[in-house]
Amino acid sequence: MVSTERPPAGYSPARKPSGLRAVRPAIRGWIHSTETGGAVDGPGIRYVLFLSGCLLRCAYCHNPDTWHMHHGKPTTSREVLAEIATYAKFLMHAKGGVTLSGGEPLVQPDFTHAILRGCKEMGLHTALDTSGYLGLHADDYLLADVDLVLLDIKAFTEETYRALTGVALQPTLDFAERLARMGKPIWLRYVLVPGLTDKFDEIAGLAAFAARLGNVERVDVLPFHKMGEYKWAAEGVPYTLTDTEPPSPELVDRARAVFRDHGLTVA
């Protein structure tokens, strides 16, 4: 006999503890763009999905057109997964997978998880590219469907981080430590901006922190560039780094050496 009794208001069934819970409904979300042959956002060749929405206002941001979620293209997780499915065999053959970037994917955690879950059901490697500021939006079920976190730690003191991004640093460090406790692999990313993030005491502090975590597989020191400057004008937002030049090769090498000196692998 089938019971017709309705559950009480507010009731929701307990989640399965494995993190392999299928996210079947079509979750609505907003995307900025896609890249079908990404080679720098995780191992192998990647399908990179850039989601719209970000709370940070990084002075060097090259995608300010991703800041506002509803300025993106509305879609559903089902539509996105159908598109990814057409590349699945190629991505697996290329030892690649799917990377969710942005913007900030964790602005849309349900949408993000629906896509990650669908990708895992296809047998694809998954990567989450995040600042970590919204790490609390990523529950353990979402993270169970993430194989790799590309974690952007943009500075290593609260003062510098807030001046650079407009938000606090500590949530990102807390997220990094949580990933370490989970044993979740991290590729650490650090953008080197002359006059902003080239403070070598801070770089050394970040290197020591990353080395202590024990799950940082590699570090990418990324030279600052101004390729997205024109987008700031299009958004009507003043760009403060017009007069800042990219770091010299010598400065980049010196920063990379700090991470290597702490026993970290630097790409």
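The values are calculated or read from the model by the stated rules, or taken from the named source; none is laboratory data. Note that this is a predicted model, so its numbers are computed, not measured. Glycine also receives a Cβ, built like all others from the backbone with ideal geometry; neighbour counts cover every protein chain displayed.
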Out of the residues in the range 68-88 that are in contact with a Phe, Trp or Tyr (Cβ under 9 Å, 6 or more places away or on another chain) and hydroxyl-bearing (Ser, Thr, Tyr), state the one that is surrounded by the most Cβ atoms within 10 Å (Cβ to Cβ). 77
Enumerate the helices (runs of 4 or more DSSP H) found wholly within the range 184-267, keeping only those where 3 or more residues are touching a Cys at 6+ places or on another chain (Cβ under 6 Å) and among the hydrophobic types (A, V, I, L, M, F, W, C). none
Mind checking whether some residue in the range 99-111 is over 13 Å from the mean Cα position of the chain (by Cα) and over 30 Å from residue 239 (Cα atoms)? yes
List every residue pair whose Cβ atoms sit under 6 Å apart, with the two residues 6 or more apart in sequence or on different chains, where the first one lies in the range 51-75 and is without any contact (Cβ under 8 Å) to a residue 40 or more places away in the chain and the second, anywhere, is assigned to a strand (DSSP E or B). 66/32; 69/30
Give the residues of the range 154-172 that are in a helix (DSSP H, G or I) and touching a Phe, Trp or Tyr at 6+ places or on another chain (Cβ under 7 Å), sorted by residue number. 171, 172
The lone exception for residue 91 - which of (1) assigned to a helix (DSSP H, G or I); (2) out of contact with any Lys or Arg (no Cβ under 9 Å at 6 or more places or on another chain); (3) surrounded by fewer than 24 Cβ atoms within 10 Å (Cβ to Cβ); (4) of a type in the set (A, V, I, L, M) it fails: (2)
Taking residue 118, is it more than 14 Å from the chain's Cα centre (by Cα), surrounded by 17 or more Cβ atoms within 10 Å (Cβ to Cβ) and within 29 Å of residue 95 (Cβ to Cβ)? yes
Could you tell me whether the range 99-119 includes any residue that is aromatic (Phe, Trp, Tyr) and either at pLDDT below 95 or assigned to a loop (DSSP other than H, G, I, E, B) (or both)? no
